[in-house]
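Structure record follows, encoded as structure tokens.
The values are calculated or read from the model by the stated rules, or taken from the named source; none is laboratory data. Just so it is clear, the structure is predicted and the values come from calculations on it, not from any experiment. Please note: Cβ atoms are built from the backbone with ideal geometry, for glycine as well, and neighbour counts cover all protein chains shown.
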Amino acid sequence: MSTAISIKNHNPNIEVVVHEKYKDIGFNHEGRRCGEAHSVEREWIQWKPSGKSIFNTILHAEITIGKHQYTAGRPPGVAFILNRQEFICQLARDAEKRGAIIQTNDKIQSVDDLDGDVIVDASGCPSMVKRELNLKVGYIGKTYQESIEKSNCFCGDTIRIIFSRFGGYFWIFPRNPEKNEVNVGVGMFGNFGYNLREMLRVFKEEQSITGTVNYVVGGLIPLGLQRPFLYRNILFVGDTGVGAFPFSGQGIYRALMSGDIAGRCIAQNNIKKYPSIIRKEFTQWDMLGSIFIRMNSVFRKINPVLFCHTLNLFFRGEKEFDLISH
Ligand SMILES: Cc1cc2nc3c(=O)[nH]c(=O)nc-3n(C[C@H](O)[C@H](O)[C@H](O)COP(=O)(O)OP(=O)(O)OC[C@H]3O[C@@H](n4cnc5c(N)ncnc54)[C@H](O)[C@@H]3O)c2cc1C
């Protein structure tokens, strides 16, 4: 959607067709496959949610690593818990208003089904196009999440992230305030074969989290850059190209950013520029992320406690460390 908006913004004459496999935009399974934490900054402020797209404005992030706890404050209007389904619909309305054609109930089976001069793969993780073309992918994490209503741990302005010594993290994010709803989930920096559902059950017990589970979702998260970003006339955006932020799994912001950059390159008829802009925007955090993921996988084999020690080194002295944004 961000690519469609961006293309139409910069060159209204280009015909844009968005193919969505579900019959509804946003209000489908994929639309809710997320913890919904989102932050905006710098020039990307244009992707700030508004109105019904916002469930909560986040002012604090509490991060727990072993016995250590860190708190990061955020000014109002920067970090949010989205009503992601509404947010996607808002983007779709914007794209349509600018002249993009959105075709729902339109599952692409093969890249050969598409005859555009330029193709943008925004099919999420795993990328349907990369699978078909046998292109390599980067680090992939695994997640499992439950939405719980009437919960005793709803705190509207705070997100909580609790790192686990098993090589991943748990999160407790506020969701719909009218239902005292929270998203409680677990994510692993790799596919270590754990039973995530069981891990979350134990976590909820330890944290004495109560409430009624009303939605369950899980899936893969690409941790950091997923090269290649461009292959022939295909640009990879969002999870298929830039992936999620390696430490936190935050991918919405990166999907919007990369989509916007792809749109600009297409509008200027210069898609070859896309990989270098992406590298410039994302490489710094990715280097740190991939060192961290590699160290984590080695430490897990030697002694899992070392994982927490490493994390604490990253965070030590960083009272204001900004985990949910870069
Ligand atoms: C459990 C979980 C929790 C997460 N929590 C957060 C969080 O709190 N904050 C955050 O920023 N990120 C979070 N993420 C990551 C975030 O959801 C993704 O990074 C982000 O959604 C990527 O956006 P995307 O547009 O690239 O892909 P997606 O959001 O996956 O969208 C892909 C779209 O392509 C459509 N599609 C797929 N295949 C086809 C096909 N063959 N034909 C037509 N249409 C197709 C899908 O229906 C979907 O609409 C989480 C992910 C998971 C799994």
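Among the residues of the stretch 230-242, those identified as buried (at least 24 other Cβ atoms within 10 Å of the Cβ) and more than 7 Å from the ligand (Cβ to nearest atom) are L235, F236, G241, V242.
Of the residues that sit in the stretch 245-271 and are in contact with a strand residue (DSSP E or B) (Cβ under 7 Å, 6 or more places away or on another chain) and assigned to a helix (DSSP H, G or I), which one is farthest from N191 (Cα to Cα)? It comes out as I271.
If you take the residues in the stretch 33-67 that are assigned to a helix (DSSP H, G or I), more than 15 Å from the chain's Cα centre (by Cα) and not acidic (D, E), which one is surrounded by the most Cβ atoms within 10 Å (Cβ to Cβ)? Outline the logic, then answer.
First, the residues of the stretch 33-67 that are assigned to a helix (DSSP H, G or I): 42-47, 51-53.
So of that shortlist, the ones also more than 15 Å from the chain's Cα centre (by Cα) come out as 42-46, 51-53.
If we keep only those that are not acidic (D, E) too, we end up with 42, 44-46, 51-53.
Numbers: R42: 8, W44: 15, I45: 10, Q46: 12, G51: 9, K52: 12, S53: 20.
Filtering first and then ranking leaves S53.
Only one entry of E178, E205 meets the criterion of being part of a helix (DSSP H, G or I) and farther than 22 Å from I58 by Cα, and that entry is E205.
The set of residues from the stretch 9-22 being in contact (Cβ under 8 Å) with a residue 60 or more places away in the chain and either surrounded by fewer than 15 Cβ atoms within 10 Å (Cβ to Cβ) or closer than 19 Å to L114 by Cα (or both) comprises P12, I14, E15, V16, V17, V18, H19, E20, K21, Y22.
Here I25 fits the description: aliphatic (A, V, I, L, M), at pLDDT 95 or above, buried (at least 18 other Cβ atoms within 10 Å of the Cβ) and not in a helix (DSSP H, G or I).
Of all residue pairs spaced 6 or more apart or on separate chains, those with beta-carbon atoms under 8 Å, a first member in the stretch 182-197 that is at pLDDT 95 or above and assigned to a strand (DSSP E or B) and a second member that is among the basic types (K, R) and more than 13 Å from the ligand (Cβ to nearest atom) are V184/K204. Here the strands (runs of 3 or more DSSP E) wholly within the stretch 98-161 that include at least 1 residues being within 13 Å of the ligand (Cβ to nearest atom) and touching a Pro at 6+ places or on another chain (Cβ under 7 Å) are 140-149.
When A92 is tested against (1) within 12 Å of the ligand (Cβ to nearest atom); (2) under 21 Å from the mean Cα position of the chain (by Cα); (3) farther than 20 Å from I261 by Cα, just one condition goes unmet, and that condition is (3).
Within the stretch 181-226, the set of residues being within 14 Å of the ligand (Cβ to nearest atom), of a type in the set (A, V, I, L, M) and surrounded by 14 or more Cβ atoms within 10 Å (Cβ to Cβ) comprises V182, V184, V186, M188, L196, M199, L200, V217, L220, I221, L223, L225.
In the stretch 1-59, which residues are more than 10 Å from the ligand (Cβ to nearest atom) and among the aliphatic types (A, V, I, L, M)? Answer for the stretch 1-59, where residues must be more than 10 Å from the ligand (Cβ to nearest atom) and among the aliphatic types (A, V, I, L, M): A4, I5, I7, I14, V16, V17, V40, I45, I54, I58, L59. Among the conditions (1) modelled with pLDDT under 95; (2) of a type in the set (D, E, K, R); (3) within 16 Å of S39 (Cβ to Cβ), the only one that R84 does not satisfy is (1). For the stretch 243-260, a tally of residues being within 15 Å of G35 (Cα to Cα), of a type in the set (A, V, I, L, M, F, W, C) and more than 6 Å from the ligand (Cβ to nearest atom) returns 2.
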